[in-house]
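Okay, structure first, notes after.
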Amino acid sequence: MRALHLDFERPAVQRRPWGTILLAIGALLATWVVLEYGDASEELARWEEKLSDTRRLAKRSLPSFAVEEAPTAALAQELKDANVVLDRLALPWDGLFADIEAAVVPDVALLGVQPDTRGRLVNVEGEARDLKALLTFLARLEGAPGLVDAHLTRHEIRQNDPNRPLAFTIQAKWTPPR
């Protein structure tokens, strides 16, 4: 047999750092994968909980609402009244009041304005100091763009008032712009 020569004093070979670097990178990647797995597991648990809630809600029965097939007479009247109110609100009230206010003269005091939206009439009540102021106001109402056919429907001298004003009511057709 041949003799073996073992050399235990041989100088150590200098190792290259690539192995250590690769080992460190592998350890970092393994740590990152473990952390991502934990986040994914938590998110999966949240979605499974939402899914179970959704399934539970889907199985729940909802209350049913009974709907009448034909509206009752009372409901039909309420709808009709509501439409009348909506029609009144949709009218150009600003134009009517602006026309009346523009026609007022200093010796006339307005006491009331009563518009009738269905008949397109407006009643204007007031007091005038004298007949001349009343006729001036009436003429100015006739010239207003939204009012036509203004005429005096009632007038009286208030005897119990010391100034003796002339109380009047004027009616005019109201033509609101469309």
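General observations
- Close pairs from the range 149-164: first within 17 Å of GLU125 (Cα to Cα) and assigned by TED's automatic domain parsing to the domain that holds PHE137, partner at pLDDT 90 or above and exposed (fewer than 11 other Cβ atoms within 10 Å of the Cβ), Cβ under 6 Å, at least 6 apart: none
- Filtered residues of the range 15-46 (kept if modelled with pLDDT of 95 or more and aromatic (Phe, Trp, Tyr)): TRP32, TYR37
- Candidate set from the range 86-108 (those that are in a helix (DSSP H, G or I), hydrophobic (A, V, I, L, M, F, W, C) and surrounded by 11 or more Cβ atoms within 10 Å (Cβ to Cβ)); member that is modelled with the lowest pLDDT: TRP93
- Of residues in the range 147-161 being modelled with pLDDT of 85 or more and part of a loop (DSSP other than H, G, I, E, B), the one nearest to ALA98 (Cα to Cα): ARG158
- Checked against the criterion of being loosely packed, with under 14 Cβ neighbours inside 10 Å, farther than 19 Å from VAL148 by Cα and over 24 Å from the mean Cα position of the chain (by Cα), the range 111-120 contains one or more residues that satisfy it.
The values are calculated or read from the model by the stated rules, or taken from the named source; none is laboratory data. Remember, predicted model here, so these are calculated numbers, not experimental data. Cβ coordinates were reconstructed from backbone atoms using ideal geometry, including for glycine residues, and neighbour counts include every protein chain displayed.
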